[in-house]
Every structure is written in C-alpha cells, then in structure tokens.
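Worksheet: the structure to be examined is printed underneath.
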Amino acid sequence: MNYISTRGAGIGERHTFSDILLGGLAKDGGLYLPNEYPKVSADELARWRTLPYADLAFEILRKFSDDIPDEDLRELTRRTYTAQVYCNVRDEENAAQITPLKTLGVEGGAPLSLLELSNGPTLAFKDMAMQLLGNLFEYTLAKHGQTLNILGATSGDTGSAAEYAMRGKKGIRVFMLSPHKKMSAFQTAQMYSLQDPNIFNIAVEGVFDDCQDIVKAVSNDHAFKAQQKIGTVNSINWARVVAQVVYYFKGYFAATKSNDERVSFTVPSGNFGNVCAGHIARMMGLPVEKLVVATNENDVLDEFFRTGIYRVRKSSETYHTSSPSMDISKASNFERFVFDLLGRDPARVLQLFRDVEEKGGFDLQASGDFARVQEFGFVSGRSSHDDRVDTIRDVFEQYDTMIDTHTADGVKVAREHLQAGIPMIVLETAQPIKFGETIREALEREPERPAAFSGIEDLPQRFVVLANDAERVKAFVAERTR
C-alpha cells in the first residue's frame with residue numbers, strides 16, 4: 001500500500017500508512033489517498049459479516065496499513081473498541097455491538113434506521129475514529145522515540161473527541177482551536193473543563209472555517225511544522241477517515257441478511273470526512289445504493305451535488321445554526337472525492353483548488369465532469385432549523401426515540417431519498433444532551449443525559465481567547481513546546 005497526494009507531489013515516492021499518520025496535509029497542500037483502493041472479495045464480505053467490531057476494524061485497517069505488524073494492529077483495535085470505552089449506550093443489551101443499529105420503522109416501503117455512533121466517551125461519532133487515532137499515535141511515537149504536537153480545529157465535536165482520546169498520552173500535546181462562543185454549552189464544557197497538562201484549548205475570534213484555515217496555514221509552513229513536530233487530528237488525517245470506513249461495513253451487515261442486498265446511507269455532512277469514508281467503503285466493494293449528503297443552512301455541499309458548482313462562502317456568509325458541527329463552508333475532505341471524480345488527475349485537482357482559493361470555487365457542470373457524480377451514487381438535501389425541530393418532534397412521537405439536531409438533519413433528508421425495498425441507514429452523530437436548547441424547544445423537556453456528565457457545565461473551564469491570526473497561534477504553540 002502506497003499513498004499519493006491529490007495534487008501530485010511526490011509521485012514515485014514511497015509513503016506508508018505510518019509515514020502519513022502523523023503529518024496531515026501532503027507537502028503540496030493536497031490530501032493523501034491510497035494509490036488504489038483495496039477491493040473486498042465476496043468471500044471476505046461473507047466472513048466479515050459475523051465478526052465483532054474490533055476484529056472487523058482489524059480486517060479493514062490491515063488493508064490500508066501493511067507496514068504495521070498484524071499482531072500489533074489487532075491489539076490496537078481490540079484495545080480501542082471495547083464495551084468499557086463505548087459504554088454510554090441507551091440500551092444495555094446492545095453494549096457489546098459498539099455501533100448498534102436502531103430500526104425506527106418502515107417508511108415509503110424502506111426500513112429506516114439509525115446507526116448509533118455516539119456511545120463513546122464524548123457522546124459523538126468522532127470518538128469512533130479518534131480513540132483509535134490516539135492509540136495509533138502513541139504506538140507509532142513510542143516505536144520511533146518521537147513526540148507530537150497536535151494542532152486541530154473543531155466546530156464542536158472533533159475537539160472534545162480528540163482531547164479525550166489524547167489526554168494523558170505519552171509524547172503528545174493537543175492544541176485545539178474552536179470558534180469563540182459558537183459551540184453549544186455542553187460542547188464547550190466538555191472541552192474547556194479538561195485540566196490535563198497536555199491539553200490546550202484556544203478560542204479563536206471567528207468561525208470554524210477561520211480555525212480550519214489557521215490549521216492549514218500552519219501545516220503549509222513546513223519549517224515551523226518540522227521544528228514544532230506538528231501533526232493533525234482533523235478529518236484531513238487519513239487514519240481518521242479510514243477508521244470511519246469500518247462502521248459502514250458494520251451497519252451494512254446489521255441491516256441485511258445477505259451480501260446480495262444493497263443499502264443506502266444518509267450522512268449529516270459539513271467537512272465531508274464522514275461521507276468520504278462511505279465513498280471509500282463503496283469503492284472497496286460494499287454494496288451501497290446511495291450516499292445521501294445532508295447539510296444544514298450552510299449548504300455548500302448540497303449546492304454542489306445539485307448543480308455541479310462548488311462555491312465556498314466567506315466567514316460573514318456562514319450561518320451559526322442549531323446544528324453547529326456542520327456550520328462549515330469549506331469542506332476539507334471534498335478534495336479526496338473530487339480527485340476520484342476527475343479520474344485521479346492531480347493537475348486538474350490542483351487547478352480547481354487554486355480556483356477555490358483565488359476565485360471562491362469552481363463549476364464542474366460546465367466542463368461535463370458533473371455527470372459522473374451519478375456513478376458514485378451521491379445525492380443530497382438541505383435542512384433548516386424549523387425542519388430539524390419538526391423532525392426531532394416527529395421521531396420522538398412516532399418512535400419514542402430522541403435524536404440530536406445533526407441526526408435530525410440526516411433523517412429529514414433521508415426521507416427525501418427513500419427507495420422501496422432498500423434499507424436507509426442514517427448515521428447518528430451525537431447524543432441529544434449536546435444540543436439541549438433545541439431539544440427543549442422541540443420536545444419541551446430536558447434531553448437524556450448519561451450519569452457521567454451530570455453537572456459538567458458547572459466545572460471550572462481552562463482556555464485562552466486569541467485573534468483570528470495564524471501567527472498568534474504559532475507563537476502560542478511555540479511558547480509551550482520549548
């Protein structure tokens with residue numbers, strides 16, 4: 001397995017999984033992908049159907065990480081995916097499944113289900129990849145006697161998932177950027193209440209896209225990155241994306257009885273990382289009918305999948321919504337899909353994303369490339385605040401199930417793309433307690449709260465506020481890594 005950049009740098013060079021694990025962006029600003037996707041045979045698909053989650057993760061990950069000995073990788077996945085780590089389940093009987101499938105009902109002739117991905121330590125789907133990433137980082141750093149300073153950006157859930165995965169890990173510091181006063185109270189408390197000496201929270205005076213731009217600016221300062229040993233845990237990190245591939249297979253097996261069946265997945269999307277993992281699963285051979293991209297009012301991705309036009313928004317045009325983890329107008333992982341869409345032509349990808357920086361976007365309808373989107377099974381839809389409130393209320397009344405705001409966006413859009421006889425799986429993103437204000441508006445009651453998080457908003461908080469300035473952030477990091 002060799003990895004290449006979406007923008008073409010280093011063609012002919014050897015890049016292993018471990019090489020790219022700690023680095024994030026490629027040197028040319030592109031994103032890493034395998035030079036070809038490994039294929040899953042019919043025999044493998046049949047054998048994997050009955051595997052527990054940890055062993056399924058091992059089988060999938062070993063196809064992408066052949067430089068890690070099998071015995072080490074198996075130990076890492078088994079240590080990561082345990083019922084003790086993913087213990088915040090709503091149904092104790094399903095604790096061992098890690099990602100239980102909850103069937104809501106049949107609508108339009110199609111079974112409609114939720115794949116529960118938020119049973120981890122921070123009650124968000126980001127834990128599914130981040131817990132593994134923390135163990136992979138510690139393993140790789142120890143093996144090479146290295147240290148790592150992680151610089152990340154979060155719109156709400158990535159930050160807490162990263163910090164809970166990395167807290168106390170040897171050789172690792174975390175510097176997490178978040179938009180000042182633009183996360184929910186619960187999300188803010190989860191991050192800022194951590195007092196571990198290797199965790200640093202930085203509230204940036206701006207929106208999430210500003211935070212993400214700072215991370216990219218620092219990553220593109222190769223001298224600073226090397227000197228300060230900067231790595232990333234954002235969804236541009238390949239290991240995070242490939243770890244998320246696992247639960248598409250697990251969800252497929254839970255929703256079907258035979259590998260001759262097909263399913264569709266709906267994915268609430270902001271940065272395109274989660275649905276990109278679904279795209280990779282499909283490219284590997286998972287029988288996926290449709291990948292449904294669900295956005296909120298920040299509908300850059302929906303606009304693209306409807307029109308072929310990718311038009312990023314300015315910070316002033318990014319809405320602050322009640323599904324804040326999707327308040328993103330520049331989808332970092334989208335470049336990976338565009339690379340595949342354009343037949344893996346790095347020169348064209350490089351030019352298109354130069355156009356994003358210089359002109360604010362690009363148009364694939366005019367070039368004729370947009371027609372190929374159908375070959376990859378993508379469709380999309382958009383949800384508003386009123387939509388998600390109505391959906392939260394409807395799902396609770398019909399199915400006695402409480403969902404968070406982002407999952408509500410997913411359910412709303414999923415219902416627009418149901419096909420009779422094809423199971424529709426909505427990827428759940430978080431537990432409702434993370435977005436209590438909207439739950440109270442929709443249901444006139446308090447959201448369900450796991451006992452471990454009682455009173456978290458009242459804990460002391462530790463963070464620093466910085467201007468939207470990459471140089472200020474670099475100075476802050478440098479001062480704390482001497």
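Here the helices (runs of 4 or more DSSP H) wholly within region 1-92 that include at least 2 residues being exposed (fewer than 15 other Cβ atoms within 10 Å of the Cβ) are 42-48, 70-80. Report whether or not Ser235 is touching a helix residue (DSSP H, G or I) at 6+ places or on another chain (Cβ under 6 Å), in a loop (DSSP other than H, G, I, E, B) and in contact (Cβ under 8 Å) with a residue 24 or more places away in the chain. Yes: the conditions hold for Ser235.
Counting only helices (runs of 4 or more DSSP H) that fall entirely inside region 375-475 and contain at least 3 residues that are over 24 Å from the mean Cα position of the chain (by Cα), the qualifying elements are 385-399, 436-443. Residues in region 290-307 that are touching a Phe, Trp or Tyr at 6+ places or on another chain (Cβ under 9 Å) and not hydroxyl-bearing (Ser, Thr, Tyr): Lys290, Leu291, Val292, Val293, Asn296, Glu297, Asn298, Val300, Leu301, Glu303, Phe304, Phe305. Among the residues of region 324-337, none qualifies, meaning not one is farther than 24 Å from Gln187 by Cα, part of a loop (DSSP other than H, G, I, E, B) and modelled with pLDDT of 95 or more. The requirement of being surrounded by fewer than 20 Cβ atoms within 10 Å (Cβ to Cβ) and either under 29 Å from Ile11 (Cα atoms) or charged (D, E, K, R) (or both) is satisfied by Asp345. Just wondering, is there one or more residues in region 381-393 that are surrounded by 15 or more Cβ atoms within 10 Å (Cβ to Cβ), at pLDDT 95 or above and of a type in the set (Asp, Glu)? Checked against the condition, which is being surrounded by 15 or more Cβ atoms within 10 Å (Cβ to Cβ), at pLDDT 95 or above and of a type in the set (Asp, Glu), region 381-393 yields at least one hit.
Every listed requirement among (1) in contact with a strand residue (DSSP E or B) (Cβ under 9 Å, 6 or more places away or on another chain); (2) of a type outside the set (Asp, Glu); (3) surrounded by 17 or more Cβ atoms within 10 Å (Cβ to Cβ); (4) modelled with pLDDT under 95 is met by His320 save one, (3). The strands (runs of 3 or more DSSP E) falling completely within region 113-213 that include 3 or more residues that are at pLDDT 95 or above and either under 20 Å from the mean Cα position of the chain (by Cα) or within 28 Å of Val356 (Cβ to Cβ) (or both) map to 172-179, 199-204.
Within region 273-323, the residues that satisfy the criterion of being in a helix (DSSP H, G or I), among the small types (Gly, Ala, Ser) and farther than 19 Å from Asp209 by Cβ are Ala277, Gly278, Ala281.
The values are calculated or read from the model by the stated rules, or taken from the named source; none is laboratory data. Because the structure is predicted, anything quoted here is derived from the model rather than measured. Quick reminder, even Gly has a Cβ in these numbers, built from the backbone with ideal geometry, and neighbours come from all protein chains shown.
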